[in-house]
Structures are given as structure tokens and as C-alpha cells.
Amino acid sequence: MKVSEITLDVLKEYCGVCGDEDNIVLESCLSSAKKQAESYTGLTAADLDEYEDITIAVLTIANDNYIFRFNQNGIGLNKSAEFILSVHSRNLI
């Protein structure tokens with residue numbers, strides 16, 4: 001699956017969320033996760049689609065954004081997501 005193919009329903013299944021009351025929050029978490037992946041790797045949205053493992057990183061980041069939305073106290077990226085994104089990073093400054 002490509003990053004651009006992640007739908008709200010896919011994210012809800014990944015997060016184990018039932019119902020529609022958090023749809024707006026989940027959409028925001030997904031959008032933020034995609035932007036984080038782009039920023040971290042230096043890849044464009046289109047480039048992210050070239051690597052299927054980045055899809056898992058985006059889902060993981062979106063899930064973490066959702067779970068920890070009330071308490072971010074410097075948690076940082078999930079280590080698994082960080083590893084996947086670092087493999088594809090072009091931001092090597």
C-alpha cells in the first residue's frame with residue numbers, strides 16, 4: 001500500500017478505532033503524519049509512495065499522534081517509525 005492510499009478507514013482499523021466521533025481528529029493526525037514523514041526524509045509526497053515501508057511509518061506516527069494527543073511532553077518519533085524514515089532520509093545535514 002502506498003502512503004497516498006491511506007484512507008480514514010485504513011487508519012481507523014490500524015488504530016483500532018470504531019465509530020465516527022474522532023474522524024476529524026484522525027484525519028488531522030494522518031495529515032500531520034504525512035507531513036512529518038516528508039519533513040524527516042526530505043522526500044516529496046509522491047516520493048513517499050515509492051517505498052511501501054514508509055506507509056507503516058506514517059500509520060505508526062498517525063496512531064501515536066492520536067494516542068498521545070493530550071500529552072506530548074517531548075515523546076518524539078516512535079523508534080520503529082524513526083528507523084524506517086531514516087533509511088529513506090535525504091536530509092543528511
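Only protein heavy atoms count here; under a 1.4 Å probe, Asp9 has an accessible surface of about 110 Å². Here the spin labels are modelled as points 7 Å beyond Cα on the Cα-Cβ line, and at Lys79 and Asn91 they lie 2.2 nm apart.
Compute, for the chain, the length of the dipole vector about the Cα centre, with Cβ point charges of +1 (Lys, Arg) and -1 (Asp, Glu) only. Units Debye, rounded to 20.
Numbers: 7 positive and 15 negative charges, 79 e Å.
Computed charge dipole of the chain: roughly 380 debye.
Between Asn23 and Asp49, residue separation times 0.36 nm minus the direct Cα-Cα distance comes to 7.0 nm.
Between the beta carbons of Ile67 and Met1, assuming R0 = 25 Å, the FRET efficiency works out to 0.70 to the nearest 0.05. By the rule of a C-alpha distance below 13 Å, with chain neighbours fewer than 8 residues away ignored, the aspartates and glutamates paired with Lys79 are Asp64. Ranking Ala57, Thr41, Leu30 by Cα position along the charge dipole of the chain, where only Lys, Arg, Asp and Glu carry charges on their C-beta atoms, puts Thr41 farthest toward the positive end. Per residue, the chain exposes 61 Å² of solvent-accessible protein surface, assessed with a 1.4 angstrom probe and all protein chains in place.
For the chain, the Stokes-Einstein estimate of translational diffusion at 25 °C and a viscosity of 0.890 mPa s comes to 185 µm²/s, using the Kirkwood hydrodynamic radius over alpha-carbon pairs.
The values are calculated or read from the model by the stated rules, or taken from the named source; none is laboratory data. All values reported here derive from a predicted model rather than from experimental measurement. All Cβ positions, glycine included, derive from the backbone under ideal geometry; neighbour counts span all protein chains shown. The area values use the complete protein model at the heavy-atom level, side chains included, leaving out ligands, DNA and RNA. Shrake-Rupley method; radii C 1.70, N 1.55, O 1.52, S 1.80 Å.
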